[in-house]
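A.B. asks: Mind having a look at this structure? Questions to follow.
The values are calculated or read from the model by the stated rules, or taken from the named source; none is laboratory data. The structure displayed is predicted, hence computed values, not measured ones. Glycine gets a Cβ as well: all are built from the backbone with ideal geometry, and neighbour counts include every protein chain shown.
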Amino acid sequence: VKRVAVVGGGVIERDTCGSQTSAGNAGWITLGLSAPIPAPGVVQKTLPWMLKPGSPFRIKPRIDPAFLHWLWRFWRSSRRDRFIAGLHATLRLNAQTWALFEQLHHELQFEMHSHGLTLVAATPHCLQEYAELLEIVVQEGYAGSVQHIAQSSITDFEPSLAAGLAGAIHLPGEKHLRPEDLTSKLALDLQARGVEVLEHANVRALDLRDGKAHAVQLADRKERADAIVIAAGVWSTRLLRTAGFSLPLQGAKGYSLTSAPGSVVPQRPLYLIEQRLGVSPFNDRIRLAGTLELIGNDLRVDARRAASLKVASRTYLRDGVLGEPAAAWTGLRPLLPDGLPAIGAIPEHDNLYVATGHGTLGVTMAAATGALLADAILNQAPPEELRPFSPGRFVRPGKHAARRP
Ligand SMILES: Cc1cc2nc3c(=O)[nH]c(=O)nc-3n(C[C@H](O)[C@H](O)[C@H](O)COP(=O)(O)OP(=O)(O)OC[C@H]3O[C@@H](n4cnc5c(N)ncnc54)[C@H](O)[C@@H]3O)c2cc1C
């Protein structure tokens, strides 16, 4: 394989590199919170949230057979055995993640911090729930340690937290990075190594013949390739459809608010459990990130939704953490119904690959995905760690994997 065309992923890019979901996210490299979203009881837990205005989850009800099928698969994936298998596979895929990011950081010098991640609960019930979840995460192979912070020491441990919280759990091994800095430095580094990075290059179609991918079609020309990787986030579905392959991605919309730091700066990233809200302190910015909305691929900023992030943080944070004004941003997490990414070869095609569906963990899994998929392409066989993420799991039994166009 000599020439690989990567659609999205910061290589052949419709807009500018890293301008979509990989821009305004929280930037956590979190293995502790890497459990698949469809977890046991998730449906029962989230249904009441749907009715509450300002809650972190929202579904726009719609009579769309593809969406209804997606919801049904999501519900089936929340079975305990599937959840545990997904968590185990995710931790296994990420076995080298911290080391890979250390190496990347050493080479590219992007903004990255190793202050761990602190989970904060306002209620004893949610604290207990996450303590139990983390026990399972440890059992399934989490390599970091888990420290329980007593209620009486919370504000000594993290002075930006308000008084009166139920408790906190600190994961000292976790890291976070400034996502915009990572993607811009990666793009520059790729170019310095001789990779052609094409911006404002919309891939309109794939040139596929006899089960082989030959080129990507841009507005004005074709780019020939020995292998093609579709890493176009939620927009991957449309391109894969041209290869006769149906990948059931939904955009899980999230919001962030970014501002200059206020008068109180958290020493580490914080996860505000009940509100499913992240707080990321960066060198010269502070970011709140959260909400998960299944409302179609709609990137508009709803000012009330964006403002709800700040409201939701009030119980947990002292006044003055977020500065003014705060810039609102939205992104679409590419989410598959089993909560796991699709990484690997498209069935019935020799040299067409996909890397998407990373949901809430696209930053976390990026380095491992890249390293393992490169292996799969160069050796023409998937490494063991990628097997649970095979795109072939979405081929319905009895159906042809893909029609050869
Ligand atoms: C609020 C929020 C907070 C988050 N926080 C975290 C976090 O802390 N840690 C974590 O691990 N993950 C986090 N995530 C998830 C993470 O941001 C995503 O999983 C990840 O960014 C997805 O990356 P991607 O490259 O697959 O998609 P994208 O970043 O959306 O990139 C796809 C790219 O493909 C391009 N493209 C699409 N179609 C075409 C085409 N036809 N031709 C050319 N280019 C095309 C698009 O322009 C886009 O740039 C968060 C997400 C949100 C919304």
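A.B. asks: Go through (1) surrounded by fewer than 18 Cβ atoms within 10 Å (Cβ to Cβ); (2) at pLDDT below 95; (3) touching a helix residue (DSSP H, G or I) at 6+ places or on another chain (Cβ under 9 Å); (4) among the basic types (Lys, Arg) for Arg58 and report which single condition fails.
C.D. replies: (1)
A.B. asks: Additional query: When the residues of the range 337-375 are filtered to those that are surrounded by fewer than 20 Cβ atoms within 10 Å (Cβ to Cβ) and not acidic (Asp, Glu), which remaining residue is farthest from Gly116 (Cα to Cα)?
C.D. replies: The residue in question is Pro347.
A.B. asks: Starting from the range 43-70, keep only residues that are without any contact (Cβ under 8 Å) to a residue 60 or more places away in the chain, then list their pairs with residues that are surrounded by 10 or more Cβ atoms within 10 Å (Cβ to Cβ) and among the aromatic types (Phe, Trp, Tyr) whose Cβ atoms are within a distance under 6 Å, requiring at least 6 positions of separation or different chains.
C.D. replies: Val43/Trp75; Thr46/Phe57; Trp49/Phe57; Ser55/Trp49
A.B. asks: Is it the case that Trp98 is within 16 Å of Met365 (Cβ to Cβ), near the ligand (Cβ under 10 Å from one of its atoms) and aromatic (Phe, Trp, Tyr)?
C.D. replies: No.
A.B. asks: Same structure again: Considering Thr258, Thr183, Thr242, Thr237, which residue is within 14 Å of the ligand (Cβ to nearest atom) and surrounded by fewer than 18 Cβ atoms within 10 Å (Cβ to Cβ)?
C.D. replies: Exactly one of Thr258, Thr183, Thr242, Thr237 is within 14 Å of the ligand (Cβ to nearest atom) and surrounded by fewer than 18 Cβ atoms within 10 Å (Cβ to Cβ), namely Thr242.
A.B. asks: Follow-up question, since we're still on this one. Out of the residues in the range 90-107 that are among the aliphatic types (A, V, I, L, M) and touching a residue at least 24 places away in the same chain (Cβ under 8 Å), state the one that is surrounded by the most Cβ atoms within 10 Å (Cβ to Cβ).
C.D. replies: Leu93
A.B. asks: Filter the range 261-278 for residues that are more than 13 Å from the ligand (Cβ to nearest atom) and assigned to a loop (DSSP other than H, G, I, E, B); which is farthest from the chain's Cα centre (by Cα)?
C.D. replies: Ranking the candidates gives Ser263 first.
A.B. asks: Same structure, new question: Can you name every residue in the range 359-377 that is out of contact with any helix residue (DSSP H, G or I) (no Cβ under 7 Å at 6 or more places or on another chain) and near the ligand (Cβ under 7 Å from one of its atoms)?
C.D. replies: Listed by number, the residues that qualify are Gly359, Thr360, Leu361, Gly362.
A.B. asks: Next question, about the same structure. Name every residue in the range 186-208 that is farther than 12 Å from Val11 by Cα and buried (at least 18 other Cβ atoms within 10 Å of the Cβ), in order of residue number.
C.D. replies: Residues satisfying the conditions are Leu206, Leu208.
A.B. asks: Something else now. Looking only at the range 93-115, decide whether some residue is of a type in the set (Gly, Ala, Ser) and over 23 Å from the mean Cα position of the chain (by Cα).
C.D. replies: Within the range 93-115, none of the residues are of a type in the set (Gly, Ala, Ser) and over 23 Å from the mean Cα position of the chain (by Cα).
A.B. asks: Pairs please, first residue from the range 193-208 and under 17 Å from Ile230 (Cβ atoms), second anywhere and surrounded by fewer than 14 Cβ atoms within 10 Å (Cβ to Cβ) and at pLDDT below 95, Cβ atoms under 6 Å, 6+ apart in sequence or on different chains.
C.D. replies: Correct list of pairs: Leu208/Pro405.
A.B. asks: Sticking with this one: Regarding the range 5-14, can at least one residue be identified that is crowded, with 21+ Cβ neighbours inside 10 Å, more than 30 Å from His113 (Cα to Cα) and within 15 Å of the ligand (Cβ to nearest atom)?
C.D. replies: The answer is yes; a qualifying residue exists.
A.B. asks: So which pairs qualify, if the first residue must be in the range 282-293 and small (Gly, Ala, Ser), the second must be within 9 Å of the ligand (Cβ to nearest atom) and part of a loop (DSSP other than H, G, I, E, B), the Cβ gap must be under 9 Å, and the two must be at least 6 apart or on different chains?
C.D. replies: Listed by first residue and then by second, the contacts come to Ala289/Gly24; Ala289/Asn25; Ala289/Ala26; Ala289/Gly27; Gly290/Ala26.
A.B. asks: In the range 15-29, how many residues are in contact (Cβ under 8 Å) with a residue 60 or more places away in the chain, of a type outside the set (Asp, Glu) and near the ligand (Cβ under 6 Å from one of its atoms)?
C.D. replies: Qualifying residue count, the range 15-29: 7.
A.B. asks: All but one of (1) within 16 Å of the ligand (Cβ to nearest atom); (2) more than 19 Å from Pro334 (Cβ to Cβ); (3) at pLDDT below 95; (4) not small (Gly, Ala, Ser) hold for Thr46, so report the exception by its number.
C.D. replies: Only one criterion is unmet by Thr46, namely (1).
A.B. asks: Can you name every residue in the range 304-331 that is within 20 Å of Glu180 (Cα to Cα), among the aliphatic types (A, V, I, L, M) and touching a Ser or Thr at 6+ places or on another chain (Cβ under 6 Å)?
C.D. replies: If the condition is that a residue be within 20 Å of Glu180 (Cα to Cα), among the aliphatic types (A, V, I, L, M) and touching a Ser or Thr at 6+ places or on another chain (Cβ under 6 Å), then Leu322, Ala326, Ala327 are the ones that fit.
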